[in-house]
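Notes follow once the structure below has been shown.
The values are calculated or read from the model by the stated rules, or taken from the named source; none is laboratory data. Predicted, not measured: the structure shown is a model, and the values here were computed from it. Because the Cβ atoms are built from the backbone with ideal geometry, glycine has one as well, and the counts that use them run over all protein chains shown. SASA here: full protein model, heavy atoms, side chains in, ligands and nucleic acids out. Shrake-Rupley method; radii C 1.70, N 1.55, O 1.52, S 1.80 Å.
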Amino acid sequence: MRSLTRVLPLTPAVVLLLLFLAGPIAYCAWIAFTDLQLTGQAEESFVGFENFRTAFGDEAFLNAVWLTLVFTVVSALLGQNTLGLALAALMQRASKPVRTLTGGIVIAAWVLPEVVAGFLLYAFFRREGTLNAVLDWLHLPSQNWLFTLPILAVSFANVWRGTAFSMLVYSAALNEIPKEITEAAEVDGAGGWRRLWHITLPMIRRSIGTNLMLITLQTLSVFGLIWVMTRGGPGGKSQTLPLFMYEEAFQKSMIGYGTAVALLLLVVGSLFSVVYLRLLRTEV
């Protein structure tokens, strides 16, 4: 009876998760093994692993996988994570007006809708944009960044938009470090880098793992930002897996194939999550 009273309050949440999360995922998993199309088809048929074999033999898909990894590593693991930690550490020693101003600017970029942020960064990187205007004023060579280096341009855009989350996570983690420990290390002659490497990072390692997992999953699913800035072009040079999936499913009407790509993206995100969770578990 006691077990029933404990489980009963969770029933509505479990039902909602099964209905709106597990149900759609199961349906998508089924579609991935069919040849379902949006138009020109009376009835779909089961094709087994044909969609997955097609994906791994498709150079466009392999290119999208590579660009997704580059985009995730550059913008999330290196960009947002490192810059967020640096801003959080610097704000610990900054004055209150500086903390307020910096936090407001960084968080403002985070709360902007993805489409709005995409238009802003498009205006910054385009041929007649702000970046080239500054370079021309400095008499430095300019270029069409969205054409020559599109994946790096959208990576920088994602760093600009998403750093605030990492900054907030690390600010909370740094505030939990006892000041006595850092002060004792400073008295013992430990410099800033030694304190960071031997005291700060080990004490916030769980926050680092959690932050890496969350920003990785968020970055893997970025669609609107890249779509607004480059639409995956030119020539697929910034087409990550979400954009490739959209093109195959809705522009080419190959719902089965596009869903198979989405399922592979789900598997990639799950693998990242398992790795991070295993790393966190070993630290308990």
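Quick look at the numbers
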| quantity | calculated |
| --- | --- |
| Hits in the range 183-217 (condition: among the polar types (S, T, N, Q) and crowded, with 17+ Cβ neighbours inside 10 Å) | THR200, SER207, ASN211, THR216 |
| Every residue from the range 248-261 that is in contact (Cβ under 8 Å) with a residue 40 or more places away in the chain, surrounded by fewer than 20 Cβ atoms within 10 Å (Cβ to Cβ) and assigned to a helix (DSSP H, G or I) | PHE250 |
| All positions within the range 186-245 that are assigned to a helix (DSSP H, G or I), basic (Lys, Arg) and free of Cβ contacts under 8 Å to residues at least 60 places away in the same chain | ARG194, ARG195 |
| Pair list, Cβ under 6 Å, 6 or more apart: the range 134-152 residue without any contact (Cβ under 8 Å) to a residue 24 or more places away in the chain and farther than 13 Å from LEU121 by Cβ, other residue of a type outside the set (Gly, Ala, Ser) and open to solvent by 90 Å² or more (accessible area, probe 1.4 Å) | ASN144/ARG127 |
| Selection count where residues are open to solvent by less than 50 Å² (accessible area, probe 1.4 Å) and under 19 Å from the mean Cα position of the chain (by Cα), scope the range 88-107 | 1 |
| The listed residue being open to solvent by 80 Å² or more (accessible area, probe 1.4 Å), touching a residue at least 60 places away in the same chain (Cβ under 8 Å), closer than 24 Å to LEU243 by Cα and under 20 Å from the mean Cα position of the chain (by Cα), out of PHE61, PHE119 | PHE119 |
| Qualifying residue in the range 135-152 (condition: of a type in the set (S, T, N, Q) and surrounded by 22 or more Cβ atoms within 10 Å (Cβ to Cβ)) | no |
